[in-house]
Amino acid sequence: MSESQPGPIRRVLVGIWNTVNFTRRLVFNLIFLFVLFFVLVAIVASPGVQPLQDKSALVLPMKGNLVEQFSSAPVERIINQATGESAPEIQLRDLLRAIKAAKDDKRIDRIVLLTDGFNAAGFAALRDLAAALRDFRASGKQVVAYGTDMEQKQYYLAAQADEVYMDPQGGVLLEGFGRYRMYYREGLQDKLGVDVHLFKVGEYKSAAEPYVLDGASPEAREADLYWMNDVWQRFLADIGQARKLEPSALTAMIEELPARVAAAGGDLGQLALDEKLVDGLKTSHEVEQMLVERGALDEENKTFRQIELRAYLQQLARQNLGMDRRPQVAVVVAQGEISHGEQPPGTVGGESTSALLQQAREDENVKAVLLRVDSPGGGVFPSEQIRREVELIKAAGKPVVVSMANVAASGGYWISMNADRIYADESTITGSIGIFGLWMTAPRVLDKIGVSTDGVGTTSLAGAFDPTRPLDPNVGALIQSVIDKGYADFTGKVAAARGTTPEQIDVHARGRVWSGAQAKERGLVDELGGFEAALAETVKLAKLEPDSYGVTYIEKPLTSFEQAIVNMGGNARTRGLLRVLAPTPLLLDRRTLATVERELAWLDGKGRSPFRAVAHCLCAY
């Protein structure tokens, strides 16, 4: 008796299943081979550590964003850089380490600073970098800067060099500081019908104004212009000192720029030379030949003898192999928005950042902690989690010093306030001591499409936080009480930490933003200084002798695979391969999208209640 054949439906289903199963195995095998291929390429093609010759220049290609720590995973970072999907990132610590080492390295005779593509989120970290370059120059070694075009942050950095050169077709654009934001009230409330309810304490707490106003409030204008003018005058003074120019002359040039450009025949490069902003107009080839004449010829590559930042850092890492058994000062970086739970680098997580601080507290070899804060704030509860961990470190007998970077405002100040000492750069943006909450309801949106909400609840509060229902005034009063209590907690904790009263703190709080210099005058920070000054204070408080300690960054370590990917990213051939294999980025206006994303990101937090108390400052400029 012959075996019965399966029916047509069964045959179709079996065929589909076999196709799906084959496709699944094929996809996973291709992914495995793809990963294996890149690991092998990383091992074979990873750049070796080449010997550094005498009369070499340390070349610092500054293309990218200056950051305290990388904000993405190594694999994502390498692919994004190779495809151009996002701007590269340059860690401040890497630059400072390289410049400091090069100062005493007899093989390095100068630094060549390439400013094209450079950007920084603020001026505190930029001033740290400028101080390192000035210290390098004080050793008698030269810094040469070159760029095609220079906007004001690029020029600020270039001005720290002994000589500044620019392409003849380029120009220097100094325009002043501005802070202009998009306002959504009309679109949200009038056009879409979304009702936005803002609860806050402090007339200067302006982070949520774009959702309830059509333009900046008088208080926001007053506060912003006050701190912005302070930072701007320091910017002009720093450039004036570096280039031996009067700040008033720089101001006059900016105010008369249209007329001066016209008088120069539209030649921005010649205008920069006439105004003594640059020392010469040269093509990149001409600068290269000049450096060959001053240094030594690299006969193999037909250029001046040089080593780039990445390769020099590999040199330094090779020289410092092995575990440092000396007592350590632990550096924990808190960069980015403050959010709940575990967060990746570039964002401050209530749990993840607390865990790093706890690691430093429990490590017997760590004698002190330096918390480097570069954050506009975020959620109140995760900020409080981190603040508590700072207190625990102090209770364990280990001093804690905060070094404020570009921004340490609102929640960024919250996590800083209990340190033994708070250091801020004069151009740090801090303060913004205030709390607000935002609640949006959309019954009018639903009404436009003929949808309504109705039902019953066992109490008057049941369903009160349903965004499809109008906000009950009693619930609004409840939320405002929570916000009031949050503000009282904030000012009370600051008062206790600063040895004063909540009433005295309230005078300088109410959501108002200050520059570091202004905050020092008002007793909100202890000392003015950058990272190195804060580190010196940390060492002093820990009673460590010079050269008897090490500095270690407490971060989630890279896996072997991630390290291989990072090494692969340093090789030009594998970067080229990635450009071919990786997907092409979408052609979008990334700057505008990034601005909107940044301004809305703080709304995307998962709190433990229907509404959230937020300590956030939209104070980028």
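Summary of computed values
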read-out: By average C-beta atoms within 10 angstrom, highest first, the peptides 200-210, 140-150, 279-289, 371-381; value: 371-381, 200-210, 140-150, 279-289
read-out: Unsatisfied cross-links (Cα-Cα over 27 Å) in the set Lys63/Lys276; Lys153/Lys282; Lys153/Lys543; value: Lys153/Lys543
read-out: 25 °C / 0.890 mPa s Stokes-Einstein diffusion coefficient of the range 236-344, Kirkwood radius on C-alpha pairs, µm²/s; value: 124 µm²/s
read-out: For the range 102-112, Karplus couplings with θ = phi - 60° (6.51, -1.76, 1.60), whole Hz, Gly/Pro x; value: 5, 4, 9, 8, 5, 7, 9, 10, 6, 10, 10
read-out: Potential extension, Arg444-Ala249 segment - 0.36 nm per residue separation minus Cα distance; value: 64.6 nm
read-out: Cα-based Rg of the range 378-492 normalised by 2.2 N^0.38 Å, two decimals; value: 1.52
read-out: Environment charge of His508, counting only residues whose C-beta is closer than 13 Å and scoring Lys/Arg +1, Asp/Glu -1; value: +2
read-out: Taking Met404, Met440 and counting other C-beta atoms within 10 Å, the order from fewest to most; value: Met440, Met404
read-out: Fewest-first ranking of Met290, Met62, Met166, Met182, using other Cβ atoms within 10 Å as the exposure measure; value: Met182, Met290, Met62, Met166
read-out: Burial ordering of Ile505, Ile554, Ile254, fewest other beta-carbon atoms within 10 Å first; value: Ile254, Ile554, Ile505
read-out: 5 angstrom amide H check on Thr303, placed H, neighbours 5+ away; value: Asp298
read-out: Distance between the range 399-469 and the range 366-393 - C-alpha centres, whole angstrom; value: 18 Å
read-out: Extension gain from Ala262 to Leu192, taking 0.36 nm per residue of separation minus the Cα-Cα distance; value: 20.5 nm
read-out: Separation between Cα centres of the range 300-335 and the range 150-212, rounded to whole Å; value: 35 Å
read-out: Using a Förster distance of 25 Å, the FRET efficiency for Ala317-Asp116 (Cβ separation, nearest 0.05); value: 0.40
read-out: Gyration tensor (alpha-carbon) shape descriptor, the range 306-453, a/c threshold 1.5; value: prolate
read-out: Exceeding the 23 Å Cα-Cα cut-off - candidates Lys55/Lys141; Lys103/Lys520; Lys141/Lys520; Lys367/Lys556; Lys103/Lys302; value: Lys103/Lys520; Lys141/Lys520; Lys103/Lys302
read-out: Residue-by-residue Karplus 3J(HN,Hα) for the range 269-275, coefficients 6.51, -1.76, 1.60, Hz, glycine and proline x; value: x, 5, 5, 4, 5, 4, 7
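A short reminder: the numbers here are calculations on the coordinates, not readings from a lab. Bear in mind the structure is a predicted one, so any value in this text is a computation, not a measurement. Note that we place each Cβ from the backbone using ideal geometry, even for glycine, and neighbour counts take in every protein chain shown.
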